[in-house]
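Below you'll find the structure I mean.
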Amino acid sequence: MAKVMLEGVTKKFGNVVAVRNESLEINDGEFLVLLGPSGCGKTTTLRLVAGLEEPTEGEIYIEDKLVNNIPPKDRDIAMVFQNYALYPHMNVYQNISFGLRLKKLPKDEIDQRVKKAAEMLGIWELLKRKPKELSGGQKQRVALARAVVRNPKVYLMDEPLSNLDAKLRVQTRGELIKLHKRLGVTTVYVTHDQVEAMTLGDRVVVMNEGEIQQEGKPKEVFDNPVNRFVAGFVGTPPMNFVNVKIIEQGKNMYAVSEGFKLKITDAHRDILAKESYIGKNMIMGIRPKDLFSEVEVKNDEKTAMQPFKVLIDFVELMGSETFIHFRLGDDNVKFVARASSDHNYAMGDTVLLYIDPFHIHLFDEENSKTII
């Protein structure tokens, strides 16, 4: 096991800055997920740690050893790729053992390691098959086994589940969690899938345009996003956003939009007053889970919530829950509310929805930073 550190790392491809001044510490034995959209720099970060790319600036350490000038083969890392990268002319046993044979380890040790990894990943019966005879899920297990047998200090995984179907992704995620708990090896995992990030990561690092936006435990990042980008990227369905103006009327403060007028809670009011946002425009964020249909709100709860009527655009039935899609105000801002599937909703219905004012987010209009 080993700690991985990046200090002020920048990577440029010509005039394009793929990673900008990145500093990150990955703890010994931690499962860290790099999360972000395509082109955000997460795979470049992984390749920098692997030694497949050289940093333009900055330093990279593995186990407190500077590795900037150390080739990939000598960094004691194992990488799992999106496309499996299996040799088609070799059977599963040969694919798994390939790296060990290059190191010229004794045949008995190679055989012991391969069989142990095959048993661990449930591919014992596949050892004599060629890659063309395997399903996508089986190929992924072989790729994981090839990494496991090397007993590296660090695992680097680049979207390894993206080619699997939805059911198999869920199953393989569970296997990865168990595998990490069993091996306890430092793991850096790249994905654009938030569900993977929230499920797998001890810690999540959200990236955008080559820069780290936020890092923390999955729930912390979900509940307390530092800016509008993180708030909108983390969560499924994504957070709803609407432009509002903060106004005072008597002793109360409100966030006013074309579609509603929401009374600000006392705690939030004090923050906005202190930060001088009264009379200013802001961006409000509301997660679908914090919008409730009338039938889901108890009578004693309605006094604390703000109701507003909406016309349903369309409905997504997801089994245990329903997503109601509608537009808000004259700007036709698209919104989504999560509702119980116990009640029937249909396109064209008018429904009364309630906002939970204690779980709204407010962002500065100019710099998108989270204020509440």
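The values are calculated or read from the model by the stated rules, or taken from the named source; none is laboratory data. The model shown is predicted, which means the values in this text are computed figures rather than measured ones. Positions of Cβ are backbone-derived with ideal geometry, glycine not excepted, and every protein chain shown enters the neighbour counts.
Looking at LYS132, LYS116, which one is assigned to a helix (DSSP H, G or I) and closer than 30 Å to ASN27 by Cβ?
Sole residue among the options that is assigned to a helix (DSSP H, G or I) and closer than 30 Å to ASN27 by Cβ: LYS116.
While we're looking at this one, here's another question. Can you name every one of the strands (runs of 3 or more DSSP E) wholly within the range 253-316 that holds 1 or more residues which are under 24 Å from MET347 (Cα atoms)?
The qualifying strands (runs of 3 or more DSSP E) are 281-286, 291-293.
Is at least one residue of the range 307-325 surrounded by fewer than 16 Cβ atoms within 10 Å (Cβ to Cβ) and modelled with pLDDT under 80? I'd like the intermediate steps shown before the answer.
Our first condition is that a residue be surrounded by fewer than 16 Cβ atoms within 10 Å (Cβ to Cβ); within the range 307-325, this holds for 307, 309, 311, 313-314, 316-321.
From what's left, modelled with pLDDT under 80: none.
The answer is no; no qualifying residue exists.
Here are some conditions: (1) closer than 25 Å to LYS334 by Cα; (2) assigned by TED's automatic domain parsing to the domain that holds THR350. ASP223 meets all but one. Which one does it not meet?
It is condition (2) that ASP223 fails.
Kindly indicate the residue of the range 57-102 that is polar (S, T, N, Q) and part of a helix (DSSP H, G or I) and also surrounded by the fewest Cβ atoms within 10 Å (Cβ to Cβ) among those meeting that condition.
By that ranking, first place goes to GLN94.
Cβ-Cβ distance below 8 Å, separation of 6 or more or different chains: which pairs start in the range 294-307 with a residue that is over 19 Å from SER340 (Cα atoms) and outside the structural domain of PHE260 (by TED's automatic domain parsing) and end on one that is assigned to a helix (DSSP H, G or I) and polar (S, T, N, Q)?
Close Cβ pairs satisfying both conditions: none exist.
Condition check: at pLDDT 95 or above, closer than 28 Å to GLY14 by Cα and touching a Gly at 6+ places or on another chain (Cβ under 6 Å). Does GLY51 satisfy that?
No.
Restricting the first residue to the range 258-271 and requiring it to be surrounded by fewer than 19 Cβ atoms within 10 Å (Cβ to Cβ), which pairs with a second residue that is hydrophobic (A, V, I, L, M, F, W, C) and in a helix (DSSP H, G or I) meet a Cβ separation below 8 Å and a spacing of at least six or different chains?
From residues that are surrounded by fewer than 19 Cβ atoms within 10 Å (Cβ to Cβ), the pairs are THR265/PHE358.
Follow-up question, since we're still on this one. Looking at the range 335-346, is at least one residue of a type in the set (A, V, I, L, M), in a strand (DSSP E or B), out of contact with any helix residue (DSSP H, G or I) (no Cβ under 7 Å at 6 or more places or on another chain) and touching a residue at least 60 places away in the same chain (Cβ under 8 Å)?
No, there is no match, as no residue in the range 335-346 is of a type in the set (A, V, I, L, M), in a strand (DSSP E or B), out of contact with any helix residue (DSSP H, G or I) (no Cβ under 7 Å at 6 or more places or on another chain) and touching a residue at least 60 places away in the same chain (Cβ under 8 Å).
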